[in-house]
1. I'd like to know if the stretch 183-196 contains one or more residues that are surrounded by 22 or more Cβ atoms within 10 Å (Cβ to Cβ), outside the structural domain of Ala39 (by TED's automatic domain parsing), out of contact with any helix residue (DSSP H, G or I) (no Cβ under 9 Å at 6 or more places or on another chain) and without any contact (Cβ under 8 Å) to a residue 60 or more places away in the chain.
2. Which one of these does Val311 not meet: (1) surrounded by 20 or more Cβ atoms within 10 Å (Cβ to Cβ); (2) out of contact with any strand residue (DSSP E or B) (no Cβ under 8 Å at 6 or more places or on another chain)?
3. Kindly evaluate Ser211 against the criterion of being under 30 Å from Arg165 (Cβ atoms) and in contact with a Cys (Cβ under 6 Å, 6 or more places away or on another chain).
4. Can you report the number of residues in the stretch 251-302 which are closer than 15 Å to Ile380 by Cβ and modelled with pLDDT under 95?
5. Restricting to the stretch 163-203, count the residues that are under 19 Å from the mean Cα position of the chain (by Cα) and part of a helix (DSSP H, G or I).
6. When you go through Asp316, Asp292 one by one, which is the residue that is within 23 Å of Arg152 (Cα to Cα), surrounded by fewer than 17 Cβ atoms within 10 Å (Cβ to Cβ) and over 24 Å from the mean Cα position of the chain (by Cα)?
7. Checking Ala213 against (1) in a helix (DSSP H, G or I); (2) closer than 9 Å to Pro123 by Cβ: exactly one of these is not met. Which one?
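The values are calculated or read from the model by the stated rules, or taken from the named source; none is laboratory data. Not measured: the values here are computed from a predicted model. Counting neighbours? That spans all protein chains shown, and the Cβs are built from the backbone with ideal geometry, glycine included.
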Amino acid sequence: MIAASHSAPRSGASGGDRPPHLGVGILGYRFMGKAHSNALKKIPYIFTPPPAVPELAAICGRDGEAVAEARRRYGYARHYTDWRAMLEDEAVDIFDDAGPNDVHAEPCIAALAAGKHVMCEKPLARSAAEAGAMLEAARAAGTKHMTAFNYRFVPAVRLAWELLRDGALGRIYHYRASYLQEWLMPALGAGDSWRLHRGAAGSGALGDLGSHAIDLAHFLVGEIAAVSAVTQDPAPHEGGRESGEGVDAAFAAAVEFAHGATGTLEATRVAAGRKNRLSFEINAETATLCFDLERLNELRIYRMDEEPETVRGFHDVLVTDPGHPWAEAWWPPGHVIGWEHTFVHEFAHFLACVAQDREIAPLGATFEDGYRCAAVCDAILASAASGRKVYVDYKL
């Protein structure tokens with residue numbers, strides 16, 4: 001049994017005004033484990049002073065030899081092959097779940113019960129019911145909880161949020177978002193993956209990619225009230241098809257927002273030439289905003305009130321100038337940052353909220369945001385199955 005011990009930040013070695021130290025125990029060491037570990041290692045010297053100093057206390061994975069190698073490579077103090085044992089480690093203040101979707105709920109709920117602060121990769125869970133159980137555990141624990149929707153921490157996306165939050169661009173009419181990748185194209189020979197099996201992933205392109213578009217819709221525009229959707233069956237080469245465990249290869253959905261805006265969402269992993277293209281366009285009363293992750297340092301904007309009218313047109317804003325989000329932490333103007341830096345911003349926010357007892361929302365995605373995204377995913381699957389519009393049920 002894991003004993004509850006509401007973790008408090010430890011003081012720096014010399015005390016005083018030095019930032020607190022927080023021990024991190026991470027589950028997962030491959031793609032997301034690498035991205036998270038890279039971010040944690042950068043925070044103490046990128047942010048001056050850092051909101052907290054993350055100590056790489058422990059790393060966990062099922063393959064003992066591989067996780068031991070990851071411990072050496074990333075610099076963690078210890079490694080485990082059982083997440084339950086890692087949660088017993090008194091040096092772990094924060095549990096970071098970077099594992100596959102089927103190992104989100106149980107470990108996170110146990111970590112919350114043990115008084116740990118919890119960061120969990122997206123999608124939060126395989127279904128709204130599973131995400132709801134995680135949210136209830138988080139509410140009961142009273143510790144900090146965050147769903148790792150890292151694209152909230154792209155400077156251009158944050159700038160879009162700042163432009164929209166006070167209504168300076170007027171009423172929002174439309175939101176269109178797509179997330180396109182090519183890695184499952186037959187010619188690329190991707191092979192099998194846990195992401196292609198319903199039991200492990202919950203859904204396919206919807207949860208893997210579409211969840212980002214859904215979260216950005218909630219973050220930038222508002223609550224999605226109803227969806228009308230279609231999904232594409234798994235292609236013959238995708239894992240799990242013959243066993244009936246296959247997941248959606250693609251989806252498209254028309255959405256209605258609670259405040260009256262409309263929108264569209266789509267995602268696929270078989271779009272030749274699209275390496276990692278998350279894009280959105282927001283049409284508002286006085287402006288249009290456009291973003292493309294493959295050009296992540298830029299926000300494209302068209303303003304109806306620009307004068308003279310003869311020069312009115314779309315402008316690309318390079319979001320690296322003083323006053324832009326996070327610009328002071330990085331390089332001189334025009335010196336762009338990359339995808340991996342979104343995780344640095346994300347973890348810096350999480351650590352600051354833990355160390356200073358600040359709210360994760362609205363800038364970060366809480367477990368409630370993760371649950372609400374899962375509810376929309378469920379509604380999209382239900383709509384596709386029934387061929388009818390489905391109203392999103394956010395009730396636990």
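1. Yes, the conditions are met somewhere in the stretch 183-196.
2. Among (1) surrounded by 20 or more Cβ atoms within 10 Å (Cβ to Cβ); (2) out of contact with any strand residue (DSSP E or B) (no Cβ under 8 Å at 6 or more places or on another chain), Val311 violates only (1).
3. When the stated conditions are applied, Ser211 passes them.
4. Qualifying residue count, the stretch 251-302: 0.
5. 4
6. Numbers: Asp292 fails: over 24 Å from the mean Cα position of the chain (by Cα).
Among Asp316, Asp292, only Asp316 is within 23 Å of Arg152 (Cα to Cα), surrounded by fewer than 17 Cβ atoms within 10 Å (Cβ to Cβ) and over 24 Å from the mean Cα position of the chain (by Cα).
7. (2)
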